[in-house]
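**Q** Structure in structure tokens, see below.
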Amino acid sequence: MLGASCASIFWPGAFIFALPGILGPYWQDQLHVGRAAIGRSLFFVLAGVGLFMFLTGRCQERYGPRPLVFLGALICGGSTILAGHATSIAWIYVWAFMMGVSSSLVYIPTLTVVQKWYPARRGLVSGLVNMSFGFSAAMMSPLFSWSLARLGVAAMTLLFGLCALIFGLLSAGFVRSPQEPSIAASGPPPPQPPAVSPGESIRTSAFWLIWFTWVFAGAGGISMVTLSTSFGLAQGLAMGEAILILTAFNVTNGLSRLLSGYLSDRVGRNLTMTVAFLGAGSAYLLMSCVHHLWAWAILASIVGFAFGTLFAVSGPLISDCFGLKHFGTIFGLIFTAYGFFSGAFGPWLSGHVLDHKEGNFKIVFFYLGAGFLMAALFIWFARPRRA
């Protein structure tokens with residue numbers, strides 16, 4: 001079941017975190033748009049996430065996880081196949097929105113069921129699912145780039161869209177909740193917090209501290225998807241070299257999700273996230289001060305580590321604060337911060353700044369770094385209520 005959950009979320013992660021960075025320069029050239037228009041594509045991804053995370057959480061309580069994961073796989077593969085025939089940037093925005101919807105339909109159910117199956121290792125198993133979501137892009141970025149050069153956009157999206165469709169539908173059939181709490185696979189669970197309703201959760205300080213953390217850390221993390229390659233090209237790198245920055249970001253974006261999830265079970269959720277966000281804020285502030293590919297790749301990897309930590313540890317922290325009974329709904333409410341505000345504050349705004357300030361990345365890196373530092377402060381104080 002854990003393997004099926006990881007396989008289900010693999011392709012949405014690969015497409016969201018890799019394709020905009022790789023196809024961004026192509027879209028600019030073929031569709032005659034600027035950086036702001038490309039950055040706006042990630043805004044539509046997050047808009048789809050923001051709208052459907054909450055709805056997915058509610059539907060999961062009524063219909064169960066499996067039908068939602070099936071639907072998410074259909075949308076993921078089908079919309080990517082159609083994206084290869086885009087003739088305008090509006091077409092790309094539709095694809096981006098549908099990818100946000102797809103990831104919502106798969107992410108909430110898989111994250112919920114693994115925590116139910118392994119209640120004593122919620123951080124670790126959440127990290128594994130999130131690692132599949134983030135690390136998939138690091139695995140697929142070089143293959144996407146190679147296929148684009150040799151097959152063209154239409155053939156490439158057809159090939160990988162079909163892969164997503166077939167493997168997504170097969171793995172969805174194995175995603176299910178345990179029949180009884182007593183058969184959960186990780187042994188006796190630790191003491192669980194009392195279930196908190198969605199209405200009660202929004203009246204707590206922990207909810208809003210986590211919500212604002214997602215605004216600022218989410219913006220800084222998702223922005224690197226498009227900024228990495230465009231920054232590398234602006235520094236005179238070839239496309240193959242610029243993709244190394246994106247790949248470094250995606251490697252740690254994936255691997256950190258397992259490591260951070262494991263560490264959060266040992267040293268605490270708040271400490272794990274705070275340290276990661278402080279590192280990412282510092283990395284962004286240093287990004288325009290160094291002048292070597294290896295240095296840019298290292299700094300991008302630190303941002304990727306923090307972004308992966310945000311995904312891996314937020315779920316267990318939310319269930320620590322509010323319980324698992326309404327986890328999907330409450331997580332969906334918090335994800336509105338990522339869906340409606342991170343995209344605007346991150347990729348969209350950074351694209352406008354670069355278009356109107358003649359590609360001045362220093363301004364963009366400064367405000368994204370400051371956002372990560374604010375997120376570190378917020379998450380430090382976002383703690384479960386004392387009994």
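**Q** Among (1) surrounded by fewer than 23 Cβ atoms within 10 Å (Cβ to Cβ); (2) under 22 Å from G220 (Cα atoms); (3) hydroxyl-bearing (S, T, Y), there is one condition Y26 misses while meeting the rest; what is its number?
**A** So Y26 meets the others, but not (2).
**Q** On to the next question. Could you give me the residue pairs with C-beta distances under 6 Å whose first residue belongs to the range 152-172 and is over 18 Å from W95 (Cα atoms), whose second residue is surrounded by 15 or more Cβ atoms within 10 Å (Cβ to Cβ) wherever it lies, and which are 6+ apart or on separate chains?
**A** From residues that are over 18 Å from W95 (Cα atoms), the pairs are L169/A73; S171/A4; S171/A7; S171/S8; A172/S8; A172/V69; A172/F70; A172/A73.
**Q** Can you tell me which residue in the range 81-102 is nearest to K325 (Cα to Cα), limited to those that are at pLDDT 90 or above and hydroxyl-bearing (S, T, Y)?
**A** Only one residue tops the list, namely S102.
**Q** Right, here's the next one. Cβ contacts < 8 Å: first residue in contact (Cβ under 8 Å) with a residue 60 or more places away in the chain and over 21 Å from R257 (Cβ atoms), restricted to the range 221-234; second residue outside any helix (DSSP H, G or I) and not acidic (D, E), any location; separation 6+ or different chain. Result?
**A** Going by the 8 Å Cβ cut-off, the qualifying pairs are A234/G359.
**Q** Among the numbered criteria (1) within 16 Å of P65 (Cβ to Cβ); (2) within 14 Å of the chain's Cα centre (by Cα), which single criterion is violated by F135?
**A** Unmet for F135, out of (1) within 16 Å of P65 (Cβ to Cβ); (2) within 14 Å of the chain's Cα centre (by Cα): (1).
Matching residues to (1) buried (at least 22 other Cβ atoms within 10 Å of the Cβ); (2) without any contact (Cβ under 8 Å) to a residue 12 or more places away in the chain:
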{"residue": "A280", "(1), (2)": "yes, no"}
{"residue": "A344", "(1), (2)": "no, no"}
{"residue": "E358", "(1), (2)": "no, yes"}
{"residue": "A382", "(1), (2)": "yes, no"}
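**Q** Then there's this: Taking the range 199-209 as the search range and keeping residues that are at pLDDT 90 or above and either buried (at least 24 other Cβ atoms within 10 Å of the Cβ) or among the hydroxyl-bearing types (S, T, Y) (or both), which one is farthest from L244 (Cα to Cα)?
**A** T204
**Q** Please go through (1) out of contact with any Lys or Arg (no Cβ under 9 Å at 6 or more places or on another chain); (2) closer than 22 Å to L285 by Cα; (3) in a helix (DSSP H, G or I) for D355 and return the number of the only condition it doesn't satisfy.
**A** (1)
**Q** Additional query: Only one of (1) of a type in the set (S, T, Y); (2) surrounded by 15 or more Cβ atoms within 10 Å (Cβ to Cβ); (3) at pLDDT 90 or above is not met by S256, so which one is it?
**A** Here S256 meets the rest and fails (3).
**Q** Those residues that are surrounded by 24 or more Cβ atoms within 10 Å (Cβ to Cβ) and among the small types (G, A, S), I need them from the range 259-278; list them, please.
**A** S260, G261, S264, A276
**Q** More than 29 Å from L124 (Cβ to Cβ), among the hydroxyl-bearing types (S, T, Y), in contact with a Leu (Cβ under 7 Å, 6 or more places away or on another chain) and not in a loop (DSSP other than H, G, I, E, B), is that true of S350?
**A** Here the answer is yes, as S350 does meet what is asked.
**Q** Please go through the range 153-173 and pick out each residue that is farther than 16 Å from G72 by Cα and surrounded by fewer than 21 Cβ atoms within 10 Å (Cβ to Cβ).
**A** Passing the criteria: V153, A154, A155, L158, L159.
**Q** Scan the range 61-92 residue by residue and report those that are among the polar types (S, T, N, Q) and either farther than 13 Å from V153 by Cα or surrounded by fewer than 17 Cβ atoms within 10 Å (Cβ to Cβ) (or both).
**A** Selection gives S79, T87, S88.
**Q** Let me ask you something else. Looking at L46, L23, L74, which is the one that is assigned to a helix (DSSP H, G or I) and under 14 Å from the mean Cα position of the chain (by Cα)?
**A** Within the list L46, L23, L74, the selection yields L46.
**Q** Picking from A120, A138, which residue would you name as being in a helix (DSSP H, G or I), under 15 Å from L255 (Cα atoms) and modelled with pLDDT under 90?
**A** On inspection, the qualifying residue turns out to be A138.
**Q** Answer with yes or no whether F307 is closer than 30 Å to P119 by Cβ and out of contact with any strand residue (DSSP E or B) (no Cβ under 7 Å at 6 or more places or on another chain).
**A** Criteria met by F307.
**Q** Right, next: Hey, G221 hits all of (1) within 16 Å of L19 (Cβ to Cβ); (2) buried (at least 24 other Cβ atoms within 10 Å of the Cβ) but one; which does it fall short on?
**A** With (1) within 16 Å of L19 (Cβ to Cβ); (2) buried (at least 24 other Cβ atoms within 10 Å of the Cβ) applied to G221, the lone miss is (1).
**Q** Which number in (1) buried (at least 20 other Cβ atoms within 10 Å of the Cβ); (2) out of contact with any Phe, Trp or Tyr (no Cβ under 8 Å at 6 or more places or on another chain); (3) over 18 Å from A312 (Cα atoms); (4) of a type outside the set (D, E) marks the one condition that L233 misses?
**A** Only one criterion is unmet by L233, namely (1).
The values are calculated or read from the model by the stated rules, or taken from the named source; none is laboratory data. Computed from a predicted structure; not experimentally measured. Note that each Cβ is placed from the backbone with ideal geometry, even for glycine, and that neighbours are counted across all protein chains shown.
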